[in-house]
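The values are calculated or read from the model by the stated rules, or taken from the named source; none is laboratory data. The model shown is predicted, which means the values in this text are computed figures rather than measured ones. Here Cβ is always computed from backbone atoms with ideal geometry, including for glycine, and neighbour counts include all displayed protein chains.
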Amino acid sequence: MASSGRPGAGMAHASRGDRGDNGDGWADVDTARRDSLTDVPGGVRLQKVLAAAGVGSRRACEVLIGQGRVEVDGEVVRRYGARVDPRSQVIRVDGRRIPAREDLIYVALNKPAGVLTTMSDSRGRPTMADFLGNISERLFHAGRLDYDTEGLMLLMNDGDLAHRLTHPRFGVPKTYLADVAGPVPKDLGRQLITGIELDDGVASADRFRVVERAGSRALVEVTLHEGRKHIVKRMLAAAGHPVSRLVRTQIGPVTLGSLRSGMTRQLSTEEVGDLYSAVGL
Ligand code: URA
C-alpha cells in the first residue's frame, strides 16, 4: 500500500471570528468551564492530538478549542494546553468523534473479482493481503464479499469499530450495483423492499432503483443491512433476475467513489467519525 497511518483529509476549518472568537482563540471563555478538565498525568496536549488525527494544523485546532467546538469525554474543553489520553478518552469536534489514537489505521480497498476476503489462503488464491502490503496482518476487515464480488472493503486495526460494522445488530446499510438479467419489471423494487422468501427466511432491501436498462440486461442498485451469505445474489435470483456481476459501492457513510480496482486509500478523519456515528460510538 502506498501509505498507511493517520486518516487523510483534514476535518474542520477553523476561521477566526466564526463563532464569536475574538482572535486569540479564547472567545466566550467561561473560566470555570475552561479549567474544568483535569489534566491526564502524562497526557498529550489536546491540540497536538487533534492535529495528529488530521483535524487541521495545531493553530487551527487551537482556534477550534477556543471556539468551544471540542469535547473530551462529553465535556467542552476550551483550554489549549489540556492534556488528554488519546488511548482512553473520546474526543469529538463539532460532535463528530475523531480517531485520536495514532496507531489506528483505516483503509478502503476496491477488491477485484477473484480475490478472497481473507489475509491468506492455503490454496494460494489471491487474498486482500496482496493489495495491502506489510500492514495486512494488523488489520481486521469489516464483513466479507464473495470471491467473484467486487468493490468496497473496509479494513482497520480498530477491532471495536470493525466488529460493529460487521455485526447485524448495528444494521449498517450497504449498497450494491448488480448487473442482472432483464427486462426488469416496474414492481421489482416493491418486491425486494416488501421481502423475498429465501430458504433461510425472508430478506428485504431498504432501497432499490434501476440505474440503467440495456435490452436483456439491467443495472440495478440495492441497499440493505442484511449480512447473510450471497444475500444480494440470492434475493435477485429468487425474484427472477440472476446477477452476473456484483459491486459493493457503499458501506454506511463511506463510498467507493473513484477508487480504482485493486487500489487502497486511507479513510479521512470525517469518514472515520461518520463510521463511529453509524455504529453508535
Ligand atoms: N451479497 C452477495 O450476494 N454477495 C456479496 O459478496 C455480498 C452481498
Legend entry - Criterion violated by Leu145 - all others in (1) part of a loop (DSSP other than H, G, I, E, B); (2) modelled with pLDDT under 95 satisfied: (2)
Inset, instruction - Report whether or not Ala162 is surrounded by 14 or more Cβ atoms within 10 Å (Cβ to Cβ) and touching a residue at least 24 places away in the same chain (Cβ under 8 Å). - result: no
Inset, instruction - Scan Phe131, Phe170 and give me the residue that is aromatic (Phe, Trp, Tyr), in contact (Cβ under 8 Å) with a residue 40 or more places away in the chain, more than 20 Å from Thr264 (Cα to Cα) and in contact with a Gly (Cβ under 9 Å, 6 or more places away or on another chain). - result: Phe170
Legend entry - Residue that is more than 13 Å from the ligand (Cβ to nearest atom), in contact (Cβ under 8 Å) with a residue 24 or more places away in the chain and either of a type in the set (A, V, I, L, M, F, W, C) or in contact with a strand residue (DSSP E or B) (Cβ under 9 Å, 6 or more places away or on another chain) (or both), where the choices are Val243, Val211: Val211
Legend entry - Sole residue being at pLDDT below 95, within 16 Å of the ligand (Cβ to nearest atom) and surrounded by 15 or more Cβ atoms within 10 Å (Cβ to Cβ), chosen from Glu221, Glu226: Glu226
Inset, instruction - Give segment 43-56 a look and list any residue that's touching a helix residue (DSSP H, G or I) at 6+ places or on another chain (Cβ under 6 Å) and either surrounded by fewer than 24 Cβ atoms within 10 Å (Cβ to Cβ) or aromatic (Phe, Trp, Tyr) (or both), or say none. - result: Ala51, Gly54
Inset, instruction - Just give me the residues in segment 40-56 being part of a helix (DSSP H, G or I) and within 15 Å of Gly66 (Cβ to Cβ), in sequence order. - result: Leu46, Gln47, Leu50, Ala51
Legend entry - Residue satisfying condition, being closer than 19 Å to Thr166 by Cβ, surrounded by 21 or more Cβ atoms within 10 Å (Cβ to Cβ), in contact with a strand residue (DSSP E or B) (Cβ under 8 Å, 6 or more places away or on another chain) and not charged (D, E, K, R), within set Leu116, Leu109: Leu109
Legend entry - Residue among Arg234, Arg228, Arg213, Arg209 that is basic (Lys, Arg) and either over 30 Å from His163 (Cα atoms) or touching a Phe, Trp or Tyr at 6+ places or on another chain (Cβ under 7 Å) (or both): Arg213
Inset, instruction - Have a look at Ser136, Ser120 and point out the one that is away from the ligand (no atom under 16 Å from the Cβ), under 25 Å from Tyr276 (Cα atoms) and either at pLDDT below 95 or not in a loop (DSSP other than H, G, I, E, B) (or both). - result: Ser136
Inset, instruction - Any residue in segment 248-276 that's farther than 24 Å from Val222 by Cα and more than 16 Å from the ligand (Cβ to nearest atom): show its pairings with residues that are small (Gly, Ala, Ser) and not in a strand (DSSP E or B) at Cβ separation under 6 Å, as long as the two are six or more apart or on different chains. - result: Gln266/Gly8; Ser268/Gly8; Ser268/Ala9; Thr269/Ala53; Thr269/Gly54
Legend entry - Exclusive hit being modelled with pLDDT of 95 or more, away from the ligand (no atom under 16 Å from the Cβ), within 24 Å of Gly257 (Cβ to Cβ) and among the β-branched types (Val, Ile, Thr), set Val107, Val180, Val172: Val107
